[in-house]
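Please treat every number below as a calculation from the coordinates, not as lab data. Keep in mind the model is a prediction, meaning the values are calculated, not measured. Cβ coordinates were reconstructed from backbone atoms using ideal geometry, including for glycine residues, and neighbour counts include every protein chain displayed.
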Amino acid sequence: MARESKRPSFGPGFLVTAAFIGPGTVTSCSLAGAHFGYSLIFALVFATITTLILQAMTGRLSLGSNRDLAQSLREFPQNRLTKTLFAVLILSSITFGCAVYEAGNIIGGSLGLEMITSIPQKIWVALISILAIFILSRGKYKLVEKFLIFLVFLMSISFLTTLVIVKPNLGLIFKGFIPSFPKNSLYLILALVGTTVVPYNLFLHSSAVRQKWTSIAHLKDVKKDLLVSITLGGIISVSIVVTSAVAFYEKGMMLEQGAQLAHQLKPLFGPLTNLLFGLGFFAAGMSSALTAPYAAAFASSGVLGWKGGHDSKGFKGVWFGIIFIGFIVSCFNLKPLSVIIFAQAANGLILPIASIFLLVVLNNREKMGKLANNLRQNIWGILIILVVSGLGLWNIIKIFLK
């Protein structure tokens, strides 16, 4: 037992960070820097703080109720009609979000491989989809995921190192912390929020916390884990915006094709840039391509009360369906960057639904006990819901007004 207590109190938070540092983050942050310089950094600051608050809520939920978010949502309603309504809303929002996100992951991974080979993107799309199905069907994806996360980590270090090499204007960076809304930037702002505050991570984190910690006494460990991991993820995202701003915006260059994404790392890697960035982008896409279907399966099995865990037909059917939908969408002749950005924007629209459900469950004092939301936590939660809902509504209005 003594040896167990000395183990590092980290894990679930870094799973969240690894999940949102994917093709969507690299693409959204790169486009933000290339098109608007440093002015959209504030959106990442907001998204990082929002992620910290929401994931801390899911951690308290798991410790206080000994249930993950999906299980809590299943048990909360008192009548059949409410239970059915909750199930339909949760399953439709999470599965839709994961399916759209999956298309962005598959295309992102294929885009990375297309950068370093002459093989057409559609072939990589098929191979990545088949590989994801094979790994999840074998039930041994964790070892592969750790390797892919390691590659993503190396890519993250690359951006942080490049940030130091290019010597950006610190004054302009700090100015970017002040909210501003340049013309035609709203869609990208929503994408930056969607790529950081990923709705399915609420389900993943609550499940991971429940597996790692079981006592209320571990609440400090949950908070410390999140503070370190999510802050690191936010710093990495901001560094991508900055390196892209230096590589494109300050030089008057446009970022229109996926292959151009690697340009911002040339100060560090030189002629090896495309190879290393392509591998990193593939790793980011493949890692998230495994995580999204699994998250949807966890959410569905928890809400519907399926028994049998990973081996149940329902669990397998959900993750297979998510991969299949992602594959079908990826086969259309769509611009890769557009699909990836749409996936992030879709997550930004789904986020209010997931946040409202989380807030409702956390106010159930019968289940949560001492860890139920207090007034301050409810105020923060309501403010977050209002802001993300406002962004989503504004974006929908702008689409119909075009």
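For the listed peptides 11-24, 115-128, a ranking on the average number of other beta carbons within 10 Å per residue, highest first, reads 11-24, 115-128. 3J(HN,Hα) along the stretch 55-65: 6, 5, 5, 5, x, 5, 4, 5, 6, x, 9 Hz, from the Karplus curve 6.51 cos²θ - 1.76 cosθ + 1.60 with θ = phi - 60°, whole Hz, x for Gly and Pro. Averaged over residues, the count of other Cβ atoms within 10 Å places the peptides 194-205, 367-378 in the sequence 194-205, 367-378, highest first. When you count the other C-beta atoms within 10 angstrom of each residue and take the mean per peptide, 271-284, 234-247, 163-176, 216-229 line up highest first as 234-247, 271-284, 216-229, 163-176.
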